[in-house]
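Asks: Take a look at this one; I'll ask things after.
The values are calculated or read from the model by the stated rules, or taken from the named source; none is laboratory data. Computed from a prediction, not measured in an experiment: that's the story for all the values here. Here the Cβ positions follow ideal geometry from the backbone for every residue, glycine too, while neighbour counts run over all protein chains shown.
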Amino acid sequence: MDLGSEGRTSETIRLADYRPTPYAITEVRLDFRLDLDGTRVVAETLFRRRDGIAAGTPLVLDGDELDLAEIRLDGAPLPPDAWTATPQRLEVRTPPADDFHLTVTTWLDPERNTKLMGLYRTSGNWCTQCEAEGFRRITYFLDRPDVLAVYTTRIEAPRAAAPYLLSNGNRIDAGDVPGTDRHFAVWHDPFPKPAYLFAMVAGTFERIADRFVTASGREVALEIYVEPGRGARTAHAMDSLKRSMRWDETEYGREYDLDVFMIVAVDDFNMGAMENKGLNVFNEKYVLADSETATDADYAHVEGVIAHEYFHNWTGNRITCRDWFQLCLKEGLTVFRDQDFSGDQRSRPVKRIADVRLLKSHQFPEDAGPLAHPVRPSTYREINNFYTATVYEKGAEVVRMLKTLIGADGFRAGMDLYFARHDGSAATIEDFLACFADATGRDLERFKLWYTQSGTPDVMVSTHWDASAGRLRLTFDQTALPTPGQPVKAPMVVPIRFGLVGPSGDDLAWERVSGAEVAGDVIVLDGAHHEVVFEGVTARPVPSLLRGFSAPVRLTLGSDTADLLHLMSHDRDPFNRWQAGQALAMRALISGTQAARTGQTVEIDPALASAFAAVAADESLDTAFRALAITLPNDADVAREIGTDVDPDAIATAIEQLRARVATAGRATFRRIHAEMASSGPYRADAEAAGRRALRNAVLDHLVRAGDGDLAAQRYRQADNMTDRLAALTAAVTVGLPSAEDLLADFYQRFAGDPLVIDKWLMVQATAPRAETLDRVRALTAHPAFAATNPNRVRALITTFATGNQTQFNRADGAGFAFVADQVLMLDRINPQVAARLLSAFRSWRALEPRRRAYAEAELKRIVAAPDLSRDVADIAGRSLE
Ligand code: ARG
Ligand code: ZN
């Protein structure tokens, strides 16, 4: 039973209720005694009453499922009537008037901690996860981000079970415990930090060491800890770390500040990674990479997550959040920074397209459904449910827009001011925006709506071209649908980066513009309606709007097919070239879906079908871009675009038809490219080689659908790297080729001892768009490679089925929903965070056609009615039905 949330399931926390704590904590001394049968923690905390607080005000500390052994005040036992404690809370009735020490001893059972919050065990090692509210599962504390303290941590453990003892900061002492088989280490972190950044790790690892010299000449030891035997797979992570450290110096003037930076990779982890001060703990998925076991996409993810956690040292740790409503202050900003870094490392447009695809596939549906919330929410019941695409990805888009509006120099000046003003403290979105307003003199009041108003704005554009007057009129109308708690929306500040593409494909000049602020190549909309008139345009322009996806809006453009084809082959903004192709395909898919529902087929314009082969063959473009440009929208993209009364089977039919046309029209070109892109020489991981693989695998997908099925098996058997092997396997399984079963069996045998690779095997099977998939997924939950206690396995098999398999999760008989709901209820007993995340796969249920919608609703109601739900699952289920 989830004692942790008992009695708190309906408690709503509100931003408007924020008050500082009556007491501050200046120092913490932690003493961990790790044993195989349990852990004892002694926490000695120094409290100071804040100015203006009456002496004797009660001290109330947070706990979660704690087992209290002893409590002392300034070294002496406390009389029984001076305090009360439950597993969730400790209150000292009348604390002393002056600074006082509280010494609390708790007993923990990390072995049985399947929630993976607080102190837990993974692969025989001890590890902590404290963000957001895990520290209160270790000891009673003021567990909130605005309480910053200096930590000293002593760890003692049996030497054989834990040769490495790690915590935040610098190691100041270590040695044997005389007369025992135990040893200890003491760590001191001089930087005041909130409890969520605390970490402790102990266990058996392979350690990979390197060094970094900062811009000012300080030497920093770099250490990566992985499961023994996996060290050879850390080279890419270490290299990514060094490049991140350098990048933060050159781009933001930020240096690393401790003598050592450590990364520990663990197998059981709720999220991607965690930026604990000086001791990042990672899901091993984002550390380990080599050519045999990781795809090019995995390499990019490792680089991005390493950078993200490293960048948190300044945006998150040196400056943290005042409260959890401000989560985007560190997350949105840090995602923006890691995206920018990755753009610098590889092709910027390709990175941008990947980021926008992620935003549209994860954040747009969230913003359009019952779980919609502002980038900075104003209420929550369970903060772990707000580590969302909205806070992270839309949060990053908001920072990007800010930079677009004030320019690169203004942005850097604002960031410099932010670091200067707020270093060492806990800040808010208001503090952050004030730095940019003060540095540039720009009023950002209306811009702030991006943080407080949820929902994706719709921008409708109509174009009128008057050839004789040389005048182009663009009419913009901005609207937004209601979202939970926000029935009426105000117009946002929307930066539209643009160009007027002329007949030759170059951008046309103009003489005058009126109707909105236009700065350089950016039109700034800030009202519901604008008529922007360009004068002195000498040839017929095709407007290319929202270049680089300059704002997270849904832009609807009346352009005809010819204009989109023109942009697809000429726009000098690569993002909009890609976007034009996607828009064309989307139109065909939407009419195809309508036709499929009435048993008809639509004619597909031959010009469209062959346009994709033409981009594939365009050697002036980079290979990774060409690969993206010929990848058609998937069924989730189409479902999102249709938005209501969605029938996933009809969408799948339309996609099949369009794919077949594109593949047939392009077959000769695709075959030629497939041969040309074959790798010559040994495997290389760099961007150039990865681009060739991406293009070759994108054409392989088309060819397999056009009847060249043998190619998949052949490519699988010849593959000398995971990118090619997985692409071939996926193509074979998705299309249902006769070779698919053999290839799956071979893949399992090759990688049976390697859980991260077996996750790919689970994912490929979970995404197969076939009627037998549900039975197969159900059977796989009993496979020895699967473990319901391991979040990576659950995500690979079950979450992938629920979020990555439109036709089978949304089966017309409701069996997909019922299976996932059963899994949610089962997982809620083990790990509420993982269960709640899986449950959010239902978030678009209202967009389905009536029959499926009814089945989904019934499952959500079944969950809400189940006894002893965690606060995590109760919150998601409740909001989903609101
Ligand atoms: N701050 C981490 C990051 O880098 C995420 C940790 C969230 N963990 C959690 N249990 N909610 O994004
Ligand atoms: Zn983060």
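Asks: When the residues of segment 352-406 are narrowed to those that are within 16 Å of ligand 2 (Cβ to nearest atom) and part of a loop (DSSP other than H, G, I, E, B), which ends up surrounded by the fewest Cβ atoms within 10 Å (Cβ to Cβ)?
Replies: Tyr387
Asks: Pick from Ser559, Ser591: which is closer than 23 Å to Gly666 by Cα and either crowded, with 19+ Cβ neighbours inside 10 Å or modelled with pLDDT of 95 or more (or both)?
Replies: Going through Ser559, Ser591 in turn, just one is closer than 23 Å to Gly666 by Cα and either crowded, with 19+ Cβ neighbours inside 10 Å or modelled with pLDDT of 95 or more (or both): Ser591.
Asks: Would segment 147-157 turn up any residue that is more than 29 Å from Thr180 (Cα to Cα), more than 16 Å from ligand 2 (Cβ to nearest atom) and in a loop (DSSP other than H, G, I, E, B)?
Replies: yes
Asks: Now for a separate question. Being surrounded by 19 or more Cβ atoms within 10 Å (Cβ to Cβ), of a type in the set (A, V, I, L, M, F, W, C) and more than 16 Å from ligand 2 (Cβ to nearest atom) narrows it down to one residue among Phe432, Phe447; which is it?
Replies: Phe447
Asks: Suppose we filter Val281, Val305, Val335, Val260 for residues that are surrounded by fewer than 24 Cβ atoms within 10 Å (Cβ to Cβ), at pLDDT 95 or above and either within 13 Å of ligand 2 (Cβ to nearest atom) or within 15 Å of the chain's Cα centre (by Cα) (or both); which single one remains?
Replies: Val305
Asks: Assuming Ala232 fulfils every condition listed in (1) surrounded by fewer than 23 Cβ atoms within 10 Å (Cβ to Cβ); (2) closer than 30 Å to Ala413 by Cα; (3) among the small types (Gly, Ala, Ser) apart from one, which condition is it?
Replies: Here Ala232 meets the rest and fails (2).
Asks: For segment 308-329, give me each residue that is within 13 Å of ligand 2 (Cβ to nearest atom) and not in a helix (DSSP H, G or I).
Replies: His312, Asn313, Trp314, Thr315, Gly316, Asn317, Thr320, Cys321
Asks: Taking segment 126-161, which residues are under 26 Å from the mean Cα position of the chain (by Cα) and not hydrophobic (A, V, I, L, M, F, W, C)?
Replies: The answer is Thr128, Gln129, Glu131, Glu133, Gly134, Arg136, Arg137, Asp143, Arg144, Pro145, Asp146.
Asks: Let me ask something else. Can you confirm whether segment 582-591 contains a residue that is part of a helix (DSSP H, G or I), of a type in the set (Ser, Thr, Tyr) and within 25 Å of Asn810 (Cα to Cα)?
Replies: Yes, some residue in segment 582-591 is part of a helix (DSSP H, G or I), of a type in the set (Ser, Thr, Tyr) and within 25 Å of Asn810 (Cα to Cα).
Asks: Please verify whether segment 278-285 includes one or more residues that are assigned to a helix (DSSP H, G or I) and either in contact (Cβ under 8 Å) with a residue 24 or more places away in the chain or closer than 28 Å to His188 by Cβ (or both).
Replies: Among the residues of segment 278-285, at least one is assigned to a helix (DSSP H, G or I) and either in contact (Cβ under 8 Å) with a residue 24 or more places away in the chain or closer than 28 Å to His188 by Cβ (or both), which makes the answer yes.
Asks: Give Pro552, Pro541, Pro574 a once-over and let me know the one that is more than 35 Å from the chain's Cα centre (by Cα) and at pLDDT 95 or above.
Replies: Pro541
Asks: How many residues, within segment 755-788, are acidic (Asp, Glu) and within 24 Å of the chain's Cα centre (by Cα)?
Replies: Counting residues in segment 755-788 that are acidic (Asp, Glu) and within 24 Å of the chain's Cα centre (by Cα) gives 1.
Asks: So which helices (runs of 4 or more DSSP H) stay within segment 723-816 end to end and still have 3 or more residues that are without any contact (Cβ under 8 Å) to a residue 12 or more places away in the chain? Don't jump to the end; show me each part of the working.
Replies: Working: elements: 740-751, 755-767, 773-780, 791-794, 800-804, 806-809.
Output list reads 740-751, 773-780.
Asks: Go through segment 432-483 residue by residue and tally those that are under 22 Å from Gly332 (Cα atoms), out of contact with any Ser or Thr (no Cβ under 6 Å at 6 or more places or on another chain) and in contact (Cβ under 8 Å) with a residue 60 or more places away in the chain.
Replies: Number satisfying all stated conditions: 8.
Asks: Mind listing just one residue for me: the one in segment 148-186 that is among the β-branched types (Val, Ile, Thr) and buried (at least 22 other Cβ atoms within 10 Å of the Cβ) and, of those, nearest to ligand 1 (Cβ to nearest atom)?
Replies: Step one: filter segment 148-186 for residues among the β-branched types (Val, Ile, Thr), giving 150, 152-153, 155, 172, 177, 180, 186.
Now narrow it down to the ones that are buried (at least 22 other Cβ atoms within 10 Å of the Cβ): 153, 155.
On the way: Thr153: 20, Ile155: 22 Å.
Of everything passing the filter in segment 148-186, Thr153 is nearest to ligand 1 (Cβ to nearest atom).
Asks: Which ones in segment 94-147 are surrounded by fewer than 21 Cβ atoms within 10 Å (Cβ to Cβ) and at positive phi?
Replies: Across segment 94-147, the qualifying residues are Ser123, Gly124.
Conditions (1) of a type in the set (Phe, Trp, Tyr); (2) modelled with pLDDT under 95; (3) not in a loop (DSSP other than H, G, I, E, B), marked per residue:
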residue: Thr644; (1), (2), (3): no, no, no
residue: Ala650; (1), (2), (3): no, no, yes
residue: Gly666; (1), (2), (3): no, no, yes
residue: Arg671; (1), (2), (3): no, no, yes
residue: Gly681; (1), (2), (3): no, yes, no
residue: Gly691; (1), (2), (3): no, no, yes
residue: Val699; (1), (2), (3): no, no, yes
residue: Val704; (1), (2), (3): no, no, yes
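Asks: Could I ask something else about it? Across segment 479-507, what is the number of residues that are over 30 Å from Leu881 (Cβ atoms) and either not small (Gly, Ala, Ser) or not assigned by TED's automatic domain parsing to the domain that holds Ala551 (or both)?
Replies: 12
Asks: Does Ala372 qualify as being assigned by TED's automatic domain parsing to the domain that holds Leu327, away from ligand 1 (no atom under 14 Å from the Cβ) and farther than 16 Å from Leu433 by Cα?
Replies: yes
Asks: Can you tell me which residues in segment 308-319 are more than 11 Å from ligand 1 (Cβ to nearest atom) and surrounded by 24 or more Cβ atoms within 10 Å (Cβ to Cβ)? If you could, list the steps in order and put the result at the bottom.
Replies: First, pick out the residues of segment 308-319 that are more than 11 Å from ligand 1 (Cβ to nearest atom): 313-314, 318-319.
Answer for segment 308-319, where residues must be more than 11 Å from ligand 1 (Cβ to nearest atom) and surrounded by 24 or more Cβ atoms within 10 Å (Cβ to Cβ): Asn313, Trp314.
Asks: So, one more: Taking the condition of being within 23 Å of Lys242 (Cα to Cα), away from ligand 1 (no atom under 12 Å from the Cβ) and among the acidic types (Asp, Glu), how many residues in segment 320-352 meet it?
Replies: Qualifying residue count, segment 320-352: 2.
Asks: If you take the residues of segment 456-499 that are of a type in the set (D, E, K, R) and part of a strand (DSSP E or B), which of them is surrounded by the fewest Cβ atoms within 10 Å (Cβ to Cβ)?
Replies: Here the residue is Asp466.
Asks: Moving on. Please verify whether segment 605-613 includes one or more residues that are hydroxyl-bearing (Ser, Thr, Tyr) and without any contact (Cβ under 8 Å) to a residue 40 or more places away in the chain.
Replies: Looking through segment 605-613, none of the residues is hydroxyl-bearing (Ser, Thr, Tyr) and without any contact (Cβ under 8 Å) to a residue 40 or more places away in the chain.
Asks: Determine if segment 782-798 includes at least one residue that is more than 25 Å from Arg121 (Cα to Cα), of a type outside the set (Lys, Arg) and either touching a helix residue (DSSP H, G or I) at 6+ places or on another chain (Cβ under 7 Å) or surrounded by fewer than 21 Cβ atoms within 10 Å (Cβ to Cβ) (or both).
Replies: no
Asks: Counting only residues that are closer than 18 Å to Arg346 by Cα and hydroxyl-bearing (Ser, Thr, Tyr), which one in segment 292-302 is farthest from ligand 2 (Cβ to nearest atom)?
Replies: Among them, the one singled out is Thr295.
Asks: Also, I was wondering about something else. I want to confirm something. Restricting to segment 263-274 and keeping residues that are outside any strand (DSSP E or B) and within 16 Å of ligand 2 (Cβ to nearest atom), which single residue is surrounded by the fewest Cβ atoms within 10 Å (Cβ to Cβ)? If you could, list the steps in order and put the result at the bottom.
Replies: Filtering segment 263-274 for residues outside any strand (DSSP E or B) gives 267-272.
Of the ones still in play, those that are also within 16 Å of ligand 2 (Cβ to nearest atom) are 269-272.
Numbers: Phe269: 23, Asn270: 21, Met271: 18, Gly272: 15.
The selected residue is Gly272.
Asks: With (1) surrounded by fewer than 18 Cβ atoms within 10 Å (Cβ to Cβ); (2) touching a helix residue (DSSP H, G or I) at 6+ places or on another chain (Cβ under 9 Å); (3) part of a strand (DSSP E or B) as the list, and Pro503 as the residue in question, which single condition is left unmet?
Replies: Only one criterion is unmet by Pro503, namely (3).
Asks: Another question about this same structure. How many residues does segment 1-27 contain that are within 25 Å of Lys115 (Cα to Cα) and modelled with pLDDT of 95 or more?
Replies: Residues meeting the conditions: 2.
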